[in-house]
Structure formats: structure tokens, C-alpha cells
Amino acid sequence: MARDGAASAEARIHAQGARGFAQPISASLETWLAPYEPLLRRLVPSLIVAFLVVMGAGAVLQIYNNRIETLNAAAEELAMIAQAFDDNLGHRAPIGAGELTAAAQAALNLATTRATTGINRAMVVTNPAGLIIAAIPARTAGIHVGRSAAQVFGAAFAGAEVDRQQIAAQLTLADGTGALVAVRALQAPLQRLYVIQPVEDALANWLKSSLLTGTLFATTGLLLLVLGLAFHIQTVRAATADMVNQNARATIDAALESGRCGLWDWEIGSAQMFWSASMFELLGLKPREGLLTIAELQPRLHPDDSHLAEIGISIPLDPSETIDHQFRMRHADGRWVWLRARGRCLSVAGVRQPRFVGIVVDITEQLALAERTAAADIRIREAIETISEAFVVCDDRERIVVCNSKFRELNGLTEEGARAGTPYHEALAMGSAAKIVDGRVLSQANAEGARDLEVNLEDGRWLQISERRTHCGGFVSVGTDITALKRHESELTASEQRLRASVADLQRSRYTLEIQTQQLAELAEKYGEQKTRAEEANRAKSEFLANMSHELRTPLNAIIGFSEILKEGHFGPIGVPKYSEYARDIYDSGHFLLSVIDDILEMSRIEAGRLKLDPRETRLEETLDETMRVLAKMASDKRIVIDAAIPQGLELMADRRAVKQIALNLLSNAVKFTPPGGMVSVRVRKARGVVVLAIEDTGIGIPRQALRNLCRPFEQVQSQFSKNHNGSGLGLAIAKSLAEMHGGSLRIRSAEGRGTTVVVRLPVDGPATMRMHA
């Protein structure tokens with residue numbers, strides 16, 4: 001009953017909303033004003049505030065203008081009083097000098113009734129000396145008579161030139177009172193007439209009118225503020241109600257859209273209906289306001305479902321009966337959508353026609369799923385039929401659900417005997433299959449009720465049966481003929497015995513291999529220790545050579561120096577010429593030893609990692625020219641021609657000293673080991689970011705077996721020719737190490753008796769470490 005009442009109330013509200021569509025003027029006005037409603041809500045309070053501001057500014061301006069007009073009127077009135085007194089004085093008898101004060105006071109007293117009665121005004125008269133000689137009223141006479149006009153009105157105002165025309169001004173008197181003062185020149189023997197009125201007395205009427213104006217403004221403003229506050233409260237409540245309504249509608253629309261549902265409200269007799277926004281979304285249409293007619297829906301109905309309008313005739317009027325109808329409508333993209341309408345009829349008070357209110361659900365996917373399920377069921381049955389094993393599925397009451405022909409054949413069953421719903425054990429009992437003579441459980445699976453069986457039939461066949469429980473309490477049984485596997489199993493047993501013997505042999509071999517592996521591990525450990533000792537010895541050698549080289553240089557420099565003095569005869573000739581020859585040998589040997597020590601120092605620094613390169617832009621042409629000039633005399637002494645082909649302007653990023661030492665070592669070796677009359681070629685080219693330096697000679701050559709160790713420190717090739725040339729054996733080793741420090745390489749190609757070619761490759765951009773930092 002509560003649900004029926006709620007539905008009726010909602011239908012009544014919707015019926016009232018539907019009647020609103022019959023009022024086009026109010027509906028169109030409301031629709032036209034709806035977009036501007038938020039603006040009007042904010043604009044009305046602003047207009048009220050603006051109106052109050054404008055009205056307040058007008059009231060202030062009016063009060064200010066009234067003040068100015070009041071002061072001007074009072075000043076004009078004072079001026080008229082002064083003129084009237086002057087005119088009255090002119091009609092009287094001339095005043096003598098002896099009776100000046102009395103006559104002036106009498107004239108003022110006569111003017112009292114007409115000018116100052118009931119008004120706080122004062123009049124004073126001055127003599128030619130500028131002294132006040134008469135004043136009214138009496139309190140003013142007691143204050144000002146006998147004082148000068150300058151003391152009362154100020155020197156500037158009292159000394160102003162005044163003719164017969166009066167002057168009116170607002171000023172501050174000597175006692176600090178603000179006053180309006182009108183002054184008029186009088187006939188001799190009198191000088192001037194001053195008519196005085198305090199400003200606050202002149203503004204008394206203005207103050208009363210201003211208070212009245214302010215009161216009216218405050219009352220009006222308060223009333224407008226109250227109205228504005230009431231309007232604001234009402235708009236806030238309306239906005240809150242709108243927001244609640246919109247949230248409720250959005251919630252309902254979201255629920256309908258998420259459930260792919262639409263709301264229908266069909267006034268059956270009038271052939272009009274209301275659609276929710278989600279209903280338009282179901283058909284891919286743009287939502288719109290207002291009611292739809294059956295005529296508008298007819299083109300979208302499927303030809304087989306076009307009798308939708310006739311349903312209204314057959315709809316029962318009993319609200320307790322539910323209506324369920326399926327039909328198709330065309331989607332905006334042209335496809336057909338299956339819809340299911342469920343609802344009931346409502347009779348609303350005040351509405352003549354009954355209404356069908358319900359939900360329309362998109363069931364296209366459900367129908368497609370049902371079709372796919374039916375097709376899948378057929379495919380599953382076909383797949384089960386094609387299984388080569390006996391297959392059967394039973395429900396929780398152990399009744400056959402589905403089985404294949406292999407199961408029927410194995411158990412001697414007909415299709416009728418194995419139809420769906422037949423108890424499993426009864427079907428097996430009715431079968432004519434061979435009886436079981438032996439059987440055993442192979443394994444008990446983890447799942448409850450699952451097991452694997454192996455049975456032997458009386459006709460000699462073996463079957464393996466696997467049973468698994470389903471989630472619904474039934475089971476699946478698969479029977480496989482394993483007769484061939486059983487025969488093969490006996491053969492495998494014999495093979496297993498043979499394999500066991502082989503495994504025993506393999507285990508013995510494995511033991512032997514483990515012993516050998518242990519021995520190899522011990523040898524590797526000893527090798528590591530020996531390698532460490534060798535490396536330590538090599539470092540000790542390098543340090544020893546470096547230290548000894550430094551120690552040898554000091555006495556060697558003395559030997560070279562003294563031998564040069566003896567050889568050159570700086571302190572006189574030596575008596576015996578043989579001594580000069582000995583001094584020359586000492587000098588040459590010292591220089592050779594010094595070069596050997598330098599090479600040793602250089603090699604020890606390289607091996608110890610203490611040699612640091614200083615890569616800079618290096619012009620290779622200049623470096624090689626300097627090197628060839630150093631060796632020019634040595635080559636000319638042996639009549640050896642040095643042929644150089646070096647491109648101009650070739651630059652690379654390298655340590656200039658190291659490049660020069662590489663070239664010097666290689667060229668000196670080429671000249672040293674080339675017989676007299678031979679030739680040394682120097683070739684340079686640049687290719688693929690690498691500078692290639694090739695030094696080729698026509699010397700004695702190097703045996704092939706000696707090339708492998710030639711670039712090692714202290715290695716020399718011993719031959720009949722090389723015995724005549726001294727050397728440390730470090731030149732090639734230093735050159736190769738310096739080239740590799742640049743990221744390059746040094747390669748030697750030689751043939752004994754035909755000459756040697758040394759090729760050095762250096763990267764144009766410098767060492768790799770420098771490129772990474774860049």
C-alpha cells in the first residue's frame with residue numbers, strides 16, 4: 001500500500017507537470033527566463049544596493065544644496081535689513097555730531113521690532129573712527145559698544161571698501177563664533193552698519209528638514225535591505241531546492257544510465273508519452289524537453305513491432321498487474337536495439353486518461369548472450385562427442401547430464417538408456433559391457449570426491465577412469481583405454497633395470513669428476529696467489545726503477561758536465577790526446593745512459609699510472625716537422641732520406657709532448673735500424689674521426705716470431721745488425737702506451753730483410769675520458 005501511494009503521488013506530480021505543457025505562455029516565459037535566473041539572483045541584491053547608494057548620494061546632495069540656499073537666503077535677508085535701515089535713516093532729520101551716539105542708538109531701537117524680534121540677530125553702527133557706538137539687542141550692546149569693528153570682525157573685513165551697496169559674507173567673529181554679516185555704508189556722520197546673525201541660527205530650519213530627509217532615507221533603506229535580505233534568503237532556499245532537485249534527478253539519471261534503462265510515462269488515451277534523458281541515450285538520440293507522440297516513435301519501431309500503439313488498448317487498468325513487453329527500435333547509428341518494457345497502469349486523480357509508467361531496459365546484449373550461450377552449448381556437445389575417451393557429466397544427484405557415444409559404446413548403452421536425467425549407476429547396471437575383474441585407486445586428488453581409478457576388464461582391456469567433482473556437487477568422469485600403455489609399461493620395466501645399471505656407472509664417473517673439480521679449484525687458488533705476488537713484484541720493480549733512476553741522474557749529470565768540460569778543454573788542453581778521446585766516450589756514454597734513465601722513468605710513470613695527459617689542440621704538421629729536424633743530422637750522417645707527406649692544417653686534440661715522443665721514438669728506431677742509403681717514409685691521413693700516422697723504413701726488418709713481444713718493456717730483437725746499436729728496449733713500449741692512453745693503438749707490420757711499418761691511430765677528439773667530461 002505504501003508503494004502504491006508513493007507511486008500515485010509521483011504520478012500526480014508528473015500529471016501536474018504535464019498540465020504545465022498546456023500553458024504555452026507561462027511555460028515559454030519560464031523557459032525563456034530559466035537561463036537568466038542565476039544572473040537575476042545575483043543582480044537583484046546588487047540593484048538594491050546600487051539604488052540605496054544613488055538615493056543616499058541624492059539625499060546628501062539635496063541636504064548640501066539646501067544648506068547653501070538657506071545660507072544665501074539668510075545673507076540676502078540681512079542685506080535687505082541693512083538697506084531698510086539705511087533708507088529709514090535717510091528719511092529722518094540729519095544727525096548732529098554732538099548727538100551722534102544717541103541718535104544712532106535711537107535709530108537702531110526703532111528697527112528692533114521689525115528686524116530682530118524673535119530672531120537671534122544683532123545690528124551695530126560705527127562712527128568714522130571705526131568704533132561701535134550703538135548696537136541692538138541690549139546683550140550685544142553690552143559686548144560690542146566701545147570696541148573697534150576690526151576687533152569684532154577682523155581687520156580685513158572691517159577695512160574693506162564699501163559703497164552704498166551692502167556686502168554680505170560668512171566669517172568667524174573674534175570670539176570664535178561663525179556668523180553671517182551684512183555691512184552697508186551709512187551717510188555721515190555715521191560710517192557703517194553691520195547686521196549679524198549666527199550661522200547655526202540661520203541653519204535651524206535647514207537642520208530640521210535635513211533630519212526629516214535623513215529619517216526618510218534611513219527608513220526606506222532599512223525597508224529595502226529587509227526586502228533584499230528576504231529575497232536573498234528566498235533565492236538561497238530556491239537555489240538549494242534546485243540543487244537538491246538537480247542532484248536527485250542526476251542521481252536517478254545516473255542510475256538509469258548505468259543500468260541501461262529508460263523511464264516511460266505514457267498517457268494512453270492522448271497517445272503522448274514522456275521519456276527520461278537515459279531513454280534518449282539508449283537510442284543514441286539527443287535528449288529534449290517535452291512530450292513525445294506515438295507518431296514520432298512509429299518510424300523507429302521495427303516493422304514486426306509496429307503494433308506498439310495497439311498495446312494501449314490491451315493494457316489492463318488494474319494497477320496490481322505488471323505489464324511486460326519486448327520490442328525493437330532503431331538506434332541513431334542504424335542498428336536495431338531490443339528493449340523490454342516493464343511497468344503498470346496508474347489512475348491519477350484529476351487526470352481522465354490512465355497512464356502507463358515503467359522502465360525500459362536494453363536487453364540487446366542479454367539476447368545476444370543467450371544466442372551465444374545456445375551456440376556454445378551446441379559446440380560443447382559437439383566437442384564432447386569428438387573426444388576419444390568416454391566422457392560423462394552428472395549433476396549433484398548423480399543423474400546423467402550429458403555423455404558422448406564413446407561412453408555409451410564402452411558401457412554397452414543405447415541413446416535411450418543414457419539420456420539426460422537417467423541415474424548414473426542405473427545406466428551402468430543396464431549396460432552390456434565387459435565386467436571388471438580387477439581394479440585399484442591410483443591417487444586421491446586434493447579436491448573432495450576426486451579420484452583416479454585403474455580397472456582391468458574380463459576381456460583383457462585396461463581402463464583409467466578420472467573422476468572430478470564440480471562446484472555444484474556433480475562430477476565429471478573420463479574413461480581412457482590404456483591397454484597399449486599397460487603393454488608398454490612392462491617393456492619399460494625391463495628398460496628401467498638397464499637404466500639403473502647405467503646410472504650407477506654415471507655416479508661413479510661423477511665422483512671422479514668432483515675430485516678433479518676440487519683439484520682444479522685448488523690450482524686456480526694457487527694461480528691467483530702467484531698472480532698477486534707477480535703484480536706486487538711488478539709494482540715494486542716500477543717503484544725501484546723510478547727511485548734508482550732519480551738517484552742515478554744526480555751523479556750522472558755531474559759526469560756529463562765534467563766530461564763535457566774535459567772534452568771541450570774549457571780550462572786548457574789535455575796533455576795526452578787519448579784523454580780527450582776518453583772524455584768524449586764518457587760524455588757520449590753519459591748521454592746514452594741519461595736517455596735510458598729517462599725512458600725508464602717514463603715507463604715506470606706510465607705503469608704506475610702517474611703520467612697525466614694534457615690534451616690540447618695540436619697541429620700535427622708542426623709537431624712532426626720538429627721531430628724530423630731533431631733527427632735530420634742523424635739521418636744525413638747515414639745518407640738516409642726522410643720522405644714526409646703530411647696534410648696542412650691537420651689538428652687533433654692530444655698531448656703535444658706525448659705525440660712528439662711517439663713520433664721521436666718511432667722515427668729514431670727507423671733511422672737507427674735502416675742501413676746507410678736507405679729511406680724512411682712518414683705518411684699522415686685522417687679517416688672516420690681518427691688520425692693515422694704511418695712510419696715505414698727500408699731497414700733490417702723484424703722476424704715474425706719476435707713481433708709478439710716487441711712492444712713489451714725492455715724487449716729487443718737480437719740480430720747481427722742490431723748488435724751494433726745500443727738501446728733500452730723501451731721506445732716502442734712507451735710509444736704504444738702513450739697511444740693507448742689517448743684511446744688509440746699502435747700496430748707493427750714487418751718482414752725480415754724488407755723493412756718495417758709502424759701504424760699509429762689517434763682519435764681526433766682526444767681521449768675518451770675527455771670526451772665524456774665534455
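The values are calculated or read from the model by the stated rules, or taken from the named source; none is laboratory data. Everything numeric here is computed off the predicted structure, so don't read it as measured data. Here the Cβ positions follow ideal geometry from the backbone for every residue, glycine too, while neighbour counts run over all protein chains shown. These accessible areas exclude ligands, DNA and RNA; they are computed on the full protein's heavy atoms, side chains included. Shrake-Rupley method; radii C 1.70, N 1.55, O 1.52, S 1.80 Å.
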Exercise. Working out 0.36 nm times the residue gap between Ala644 and Asn72, then minus their Cα-Cα distance, what length gain in nm do you get to one decimal?
Worked result: 194.0 nm
For this session: Could you let me know the centre-to-centre spacing of the range 170-204 and the range 384-414, using Cα atoms, in angstrom?
Result: 135
For this session: For the range 577-682, just say rounded, prolate or oblate: build the C-alpha gyration tensor, square-root its eigenvalues into a ≥ b ≥ c, call rounded for a/c under 1.5, and beyond that prolate if a/b exceeds b/c, oblate if not.
Result: oblate
For this session: Can you bin the range 383-485 into rounded, prolate or oblate? Criterion: square roots of the alpha carbon gyration tensor eigenvalues sorted a ≥ b ≥ c, rounded for a/c under 1.5, prolate for a/b above b/c, oblate for the rest.
Result: oblate
Problem set entry | Sequence of Thr674, Thr70 from largest to smallest accessible area, 1.4 Å probe | Thr70, Thr674
For this session: Please give the peptides 494-500, 185-191, 421-427 ranked by average Cβ packing (other Cβ atoms within 10 Å per residue), highest first, as a rough proxy for protection.
Result: 185-191, 421-427, 494-500
For this session: Rank-order 367-378, 452-463, 576-587, 245-256 by packing density, defined as the average count of other C-beta atoms within 10 Å over each peptide's residues, highest first.
Result: 452-463, 576-587, 245-256, 367-378
Seminar exercise, completed: By the Cα gyration tensor axes a ≥ b ≥ c (a/c under 1.5 gives rounded; else a/b larger than b/c gives prolate, otherwise oblate), the shape of the range 463-556 is prolate
Exercise. Once the Cβ-Cβ distance between Thr101 and Lys208 is put in as r, and R0 is 45 Å, what FRET efficiency do you end up with, to the nearest 0.05?
Worked result: 0.65
Problem set entry | Protein accessible area in the range 383-485, 1.4 Å probe - carbon and sulfur % | 50
Exercise. Can you give the accessible area per residue of the range 606-713, in Å², using a 1.4 Å probe?
Worked result: 53
Problem set entry | Within the range 493-545, chymotrypsin sites (Phe, Trp or Tyr not before Pro) in DSSP loop having at most 13 other beta-carbon neighbours inside 10 Å | none
